[in-house]
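As structure tokens, the structure follows; a few thoughts come after it.
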Amino acid sequence: MLILHCPHCDRMVDETDLHPGGEAHLKRHGPEADAEAFENYLFMRENPKGVHFERWRHVYGCGKWFLAARNTATLEVYGTYPAQTHQPPQTIRDTITERQPGWAWGDFR
Amino acid sequence: MKRYSAFAIAREAFRQHTGWTRAWGQAEPKPRYDVIVVGAGGHGLATAYYLGKNFGITNVAVLEKGWLGGGNTGRNTTIIRSNYLQDPSAAIYEKSRSLYETLSQDLNYNVMFSPRGVMMLAQTQHEIRGYQRTAHANSLQGVTTEFITPQRVKELCPIMNIDGPRYPVLGALWQARGGTARHDAVAWGYARACADMGMDIIQQCEVTGVVTEGGKVTGVNTSRGDIKCNKLAMVVAGHASVLAQKAGFQLPIESVALQALVSEPIKPCMDVVVMANTVHGYMSQSDKGEMVIGGGTDGYNNYTQRGSFHHIEETVRALVETFPIVGRLKMLRQWGGIVDVTGDRSPILSKTPVDGIFVNCGWGTGGFKAIPGSGWAMAELVAKGQSPLTEEFSMNRFRHGKFIDESVAAGVAH
Ligand SMILES: Cc1cc2nc3c(=O)[nH]c(=O)nc-3n(C[C@H](O)[C@H](O)[C@H](O)COP(=O)(O)OP(=O)(O)OC[C@H]3O[C@@H](n4cnc5c(N)ncnc54)[C@H](O)[C@@H]3O)c2cc1C
Ligand SMILES: [Zn+2]
């Protein structure tokens, strides 16, 4: 069972109270964008074996979205943070670097 | 290769079974091959087999990081059917199902194909409409399926409780010529036939890098040294994104865990395959007597071949209502595989941005049934650069909005 910290309720939450929301930090595009931009937004995925950032919703709790930094090869959780940000906070990046030196994900390092 | 036959069994019985030879040899990598196939699952091995059989290309290596058939091919619940909705799917899945009918003879290896019939239960009004639509589409595609009544469901599968209360059985989509096969035997049979054509099946050989020159593939780096090739077929299912990244492109794939479980063996009680998509569960009985049970995927990315326990719970809970006898069964084993899921739940068989690299992936939760057809089509794609069966399954279809939407037919389980 995956257990994540909901940054809104400040409590540990079981996977069964959460709803997974797929890749985090996707770049949305407006109506004037080209087909490739939409393809990237809607379908292309990082899908790494290792460090990953994803969206979760505390659906049977506060109902709010948050983001999680996890490792898909070890199931280690590096931390969670509120969804109102375009990039992972430095503290989370530092935690990941400590555990997984040289990691990279999209534009983040 | 020594052929397997009743006569061979008799002959060996007379000489203490000393004459059997290895089904495939232990190959050492050569410096260069015409085609390298990465991944010795069913799809990779079938690709190699039809490259040799249909196109005479036999200077082929199949590289496998673990053991042959140890990926999803050896972890699936072996349901074979071709009752999909869209025409391109019907074409490749029906090709595959029909190849299964004669596969044992073709490979001289018993893959235990058992066309016992597959039924997909309709347990909501939505499902009735959906499956009736599929039945109509199938009849236009030349795939024999029918929508049957609850009474007929009960006749075909007497252990089923069709009265609910929560989800009564309202009908079913029935494909009499669907069924199951022995998963390991499919991989082993193809491997034996490939080795017989002189191909190298190299296990414990992980591809760690892809070498390109001027936009064209020239070889791979592996845990057992560098190997050159003219063409490269990537057929690695759950690891498709990882390998694509090594070749410098991205795929519209997410890798998630899918689990299955089997019960203790019991006497024969069910001679059809039953799938119940609304309640996320499906079941069949293996030749050993175990009830083989599968459910839905996890919702988050994962490469560990372990899934979340609550999905097992959900699946079993659903089945207990429809099959009350399950409530008294002890479960023996449970396991997971990492499946490669695309946005439209259809596979990708495609050229890639790198010249000479072809990719076959995205079969997700339902590619066992597709092994022969996919190998057949992929071999043509690799040999000729195009194939009528793969045309619509290009990786560019997402950019152009030309989806092959099978989320209804394939969204939950196979
Ligand atoms: C629990 C479960 C139940 C399922 N039930 C059904 C079902 O009932 N019916 C159905 O039709 N389908 C089902 N499926 C789906 C089906 O199993 C798969 O779609 C199919 O087996 C995929 O075959 P494959 O050859 O593409 O992949 P795999 O068999 O996974 O083979 C890929 C191989 O590539 C190797 N590999 C990966 N990376 C590398 C590398 N870098 N170098 C070398 N080798 C590498 C892996 O080790 C692996 O052996 C199920 C899957 C699961 C997990
Ligand atoms: Zn919360």
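The values are calculated or read from the model by the stated rules, or taken from the named source; none is laboratory data. Note that the coordinates shown come from a computational prediction; the quantities given were computed from them, not determined experimentally. Neighbour counts are summed over all protein chains in view; Cβ atoms, including those assigned to glycine, are modelled from backbone coordinates with ideal geometry.
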(request) Considering only region A:1-21, state which residues are closer than 25 Å to B:I348 by Cα and out of contact with any strand residue (DSSP E or B) (no Cβ under 6 Å at 6 or more places or on another chain). (result) none
(request) Specify which of the listed residues (B:Y84, B:Y49) is within 26 Å of the chain's Cα centre (by Cα) and assigned to a loop (DSSP other than H, G, I, E, B). (result) B:Y84
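To keep it simple, each residue is scored yes or no on (1) under 18 Å from B:T47 (Cβ atoms); (2) of a type in the set (V, I, T); (3) within 16 Å of ligand 2 (Cβ to nearest atom).
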position	(1), (2), (3)
B:T58	yes, yes, no
B:V62	yes, yes, no
B:G71	yes, no, no
B:G74	yes, no, no
B:N83	no, no, no
B:K95	yes, no, no
B:D106	yes, no, no
B:N110	no, no, no
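Table: residues versus (1) farther than 23 Å from B:A193 by Cα; (2) modelled with pLDDT of 95 or more; (3) more than 19 Å from the chain's Cα centre (by Cα); (4) not assigned by TED's automatic domain parsing to the domain that holds B:A195.
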| position | (1), (2), (3), (4) |
| --- | --- |
| B:L63 | no, yes, no, no |
| B:P88 | yes, yes, no, no |
| B:T124 | yes, no, yes, yes |
| B:L140 | yes, yes, yes, yes |
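Identify, from the list A:L18, A:L2, A:L67, A:L42, the residue that is among the aliphatic types (A, V, I, L, M) and within 13 Å of the chain's Cα centre (by Cα). Break it down stepwise before answering.
On the way: A:L18 fails: within 13 Å of the chain's Cα centre (by Cα); A:L2 fails: within 13 Å of the chain's Cα centre (by Cα); A:L42 fails: within 13 Å of the chain's Cα centre (by Cα).
Just a single option satisfies the conditions, and that option is A:L67.
Looking only at region A:20-32, count how many residues are more than 10 Å from chain B (Cβ to nearest Cβ) and closer than 22 Å to A:A83 by Cβ.
At the first step, the residues of region A:20-32 found to be more than 10 Å from chain B (Cβ to nearest Cβ) are A:24-32.
Okay, now just the ones that are also closer than 22 Å to A:A83 by Cβ, so A:24-30.
The qualifying residues number 7.
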(request) Please go through region B:280-296 and pick out each residue that is surrounded by fewer than 23 Cβ atoms within 10 Å (Cβ to Cβ) and in contact with a helix residue (DSSP H, G or I) (Cβ under 9 Å, 6 or more places away or on another chain). (result) B:H280, B:G296
(request) With the checklist (1) closer than 29 Å to B:H126 by Cβ; (2) under 19 Å from the mean Cα position of the chain (by Cα) in hand, flag the one item B:T315 doesn't pass. (result) (2)
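In region B:281-298, is there at least one residue being within 14 Å of chain A (Cβ to nearest Cβ) and over 30 Å from B:R177 (Cβ atoms)? Please lay out each step first, then the result.
Of region B:281-298, the ones within 14 Å of chain A (Cβ to nearest Cβ) are B:296-298.
Still in the running and over 30 Å from B:R177 (Cβ atoms): B:298.
Taking every residue of region B:281-298 in turn, at least one turns out to be within 14 Å of chain A (Cβ to nearest Cβ) and over 30 Å from B:R177 (Cβ atoms).
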(request) Consider only pairs whose beta carbons are under 6 Å apart and that are at least six residues apart or on different chains; among these, list those whose first residue lies in region B:65-83 and is near ligand 1 (Cβ under 6 Å from one of its atoms) and whose second residue is small (G, A, S) and at pLDDT below 95. (result) B:T77/B:G294
(request) Would you confirm whether any residue within region B:101-123 is away from chain A (no Cβ under 14 Å), within 9 Å of ligand 1 (Cβ to nearest atom) and part of a loop (DSSP other than H, G, I, E, B)? (result) no
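Give me the helices (runs of 4 or more DSSP H) completely within region B:310-413, filtered to those with at least 2 residues that are modelled with pLDDT under 95 and within 16 Å of ligand 1 (Cβ to nearest atom), ordered by residue number.
Details: elements: B:371-384, B:397-400, B:407-410.
Per the criteria, B:407-410.
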(request) Check off (1) within 22 Å of B:G70 (Cβ to Cβ); (2) surrounded by 19 or more Cβ atoms within 10 Å (Cβ to Cβ) for B:R333 and give me the number that stays unchecked. (result) (2)
(request) State which residue pairs qualify: first residue at the interface with chain A (Cβ under 10 Å from one of its Cβ atoms) and inside region B:304-318, second residue assigned to a helix (DSSP H, G or I) and not hydrophobic (A, V, I, L, M, F, W, C) in any location, beta carbons under 9 Å apart, and separation of 6 or more residues or different chains. (result) B:S308/A:E15; B:S308/A:T16; B:H310/A:E15; B:H310/A:T16
(request) Show the residue pairs that are 6+ apart or on different chains and have beta-carbon atoms under 6 Å apart, the first residue being within region B:149-160 and assigned by TED's automatic domain parsing to the domain that holds B:V274, the second being exposed (fewer than 15 other Cβ atoms within 10 Å of the Cβ) and at pLDDT 95 or above. (result) B:I159/B:C269
(message) Just to verify a result, which residue in region A:43-82, among those that are within 16 Å of ligand 1 (Cβ to nearest atom) and touching a helix residue (DSSP H, G or I) at 6+ places or on another chain (Cβ under 8 Å), is farthest from the other protein chains (Cβ to nearest Cβ)?
(response) A:P48
